[in-house]
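**Q** I'd like to ask some things about the structure below.
The values are calculated or read from the model by the stated rules, or taken from the named source; none is laboratory data. For clarity, every value in this text was computed on a predicted model and none was experimentally measured. Heads up, the Cβs are rebuilt from the backbone with ideal geometry, glycines too, and the neighbour counts pull from every protein chain shown. What goes into the accessible areas is simple: the full protein's heavy atoms, side chains included, and nothing from ligands, DNA or RNA. Shrake-Rupley method; radii C 1.70, N 1.55, O 1.52, S 1.80 Å.
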Amino acid sequence: MGKLYVIGIGPGSIENMTLRAKKALEESNIIVGYKRYIDFINPIIHEKEIYTTGMKKEEERCKKALELSKDNIVSIISTGDSGIYGMAGLILELNLDKALDIEVIPGITASSAAASVLGAPLMHDNCNISLSDLMTPYSLIKKRVELAAEGDFVISLYNPKSKGRPFYLKESMDIIKKYRKKDTPVAIVKNALREGQEIHMYTLENFKDDLADMLSIVIIGNSSSYVKKDKFITKRGYKVGE
Ligand code: SAH
């Protein structure tokens, strides 16, 4: 009898992976994942059988993992959390075999990873919005950006900018500007908590999207966010001085 672990490996450094994820990887004899993500965990998966596919082959990867897990201990990996724009949903949707033993293991998602290097920007109500239109119409993405901005949520934009949709980030920021002060802090964090980390701080007024790409996340503060001693902070409501 096999087993399938659906693992969020965190942002891409072993020290930011949960002990539970590490243990499951060590226990597995087959690891399934996108090539670039397998590289992140290379130091702890020597000698194991690896099944990799390219970027947009999620369905093929999940089907293979499900099939292999009938007789093997298999881990399918996502970066960050596997339940946040990761593989957990598709695995569970594709699983028609009730007998399969599937365990979802959480990980540190990109917004938490980026927040930790910025300070405390997610201290109050916040939401994640992906700007990828591969499976979501752009009209719906824009509506969500608009309502999140109106609702004063701190917003984390995943998949902020790719070659195929160069204007979505700028257009999203224009929507947010209608609801927020010009000096609202905005950060681009590239490769949070992994090799190549970069932090770029802006305000809504002077924001430039040229450094944003698919390896970065953009965090936009709410009406109580501010920067103090280089730290991006969102007030939770404690009565302390700025
Ligand atoms: N399951 C992942 C998200 C996958 S979607 C998670 O929970 O984090 C892919 C997007 O996540 C990227 O385009 C980028 O916007 C963001 N991302 C993932 N890891 C990141 C990191 N270490 N630093 C910055 N952004 C990251």
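**Q** A 19 angstrom limit on the alpha carbon distance is what I want to check against. Which of 56/143; 208/228; 56/161; 3/64; 22/64 exceed it?
**A** From 56/143; 208/228; 56/161; 3/64; 22/64, over 19 Å: 56/143; 208/228; 22/64.
**Q** Scan region 91-176 for trypsin sites (Lys or Arg not before Pro) in coil per DSSP, keeping those whose Cβ has at most 16 other Cβ atoms within 10 Å, and list them by number.
**A** 98, 163
**Q** According to the square roots a ≥ b ≥ c of the eigenvalues of the Cα gyration tensor, what is the shape class of region 19-111, taking rounded for a/c under 1.5, prolate for a/b larger than b/c otherwise, and oblate for the remainder?
**A** Rounded shape, in that the Cα axes give a/c under 1.5.
**Q** Using the heavy atoms of the protein chains and a 1.4 angstrom probe, tell me the accessible area per residue for the chain in square angstrom.
**A** 52
**Q** Taking only DSSP H segments of four or more residues, each worth -39500 (n - 2.57), what value at 222 nm results for the chain once the sum is divided by all its residues, to the nearest 500 deg cm²/dmol?
**A** Theoretical 222 nm ellipticity from helices: -8000 deg cm²/dmol.
**Q** Let me ask something else. Expressed as a whole percentage, what fraction of the accessible surface of region 47-163 belongs to carbon and sulfur atoms when a 1.4 Å probe is rolled over the protein heavy atoms?
**A** The value for region 47-163 is 52 percent carbon and sulfur by accessible area.
**Q** Enumerate the calculated ³J(HN,Hα) couplings along region 10-27 in order (Karplus 6.51 cos²θ - 1.76 cosθ + 1.60, θ = phi - 60°), each rounded to whole Hz, writing x wherever the residue is Gly or Pro.
**A** Values per residue, Gly and Pro as x: x, x, x, 9, 4, 5, 9, 9, 6, 5, 5, 5, 4, 4, 5, 5, 5, 6 Hz.
**Q** Right, another one. Evaluated at 10 °C with a viscosity of 1.306 mPa s, what Stokes-Einstein diffusion coefficient in µm²/s does region 110-234 have when Rh comes from the Kirkwood expression over alpha-carbon pairs?
**A** Calculated translational D: 112 µm²/s.
**Q** Provide the percentage of antiparallel DSSP beta bridges, counting only those with both residues in region 3-105; round to the nearest 5.
**A** The antiparallel proportion sits near 5 percent.
**Q** Continuing with this model, one more query. Considering only protein heavy atoms and a 1.4 Å probe, what is the carbon-and-sulfur percentage of the accessible area of region 181-242?
**A** Reported share for carbon and sulfur atoms: 50 percent.
**Q** Given bins 5 angstrom wide, list per bin the percent of all Cα-Cα distances in the chain, short to long.
**A** Result, from short to long distances: 1, 6, 14, 16, 17, 14, 12, 9, 6, 3, 1, 0 percent.
**Q** Could you name the aspartates and glutamates whose alpha carbon sits less than 20 Å from that of residue 63, not counting residues in the same chain fewer than 8 places away?
**A** 49, 71, 81, 93, 97, 101, 103
**Q** Indicate, rounded to the nearest 5 percent, the antiparallel portion of the DSSP beta bridges found entirely in the chain.
**A** Bridges in the chain are about 45 percent antiparallel.
**Q** Taking Cα centroids, how far is region 105-143 from region 178-242 in Å?
**A** Here the two parts' Cα centres lie 13 Å apart.
**Q** Over region 110-234, what is the relative contact order in whole percent, taking alpha-carbon pairs under 8 Å and six or more residues apart?
**A** Reported as a whole number, the value is 32 percent.
**Q** Hey, if we sort 209, 39, 183 by accessible area with the 1.4 Å probe, largest down, what's the order?
**A** 183, 39, 209
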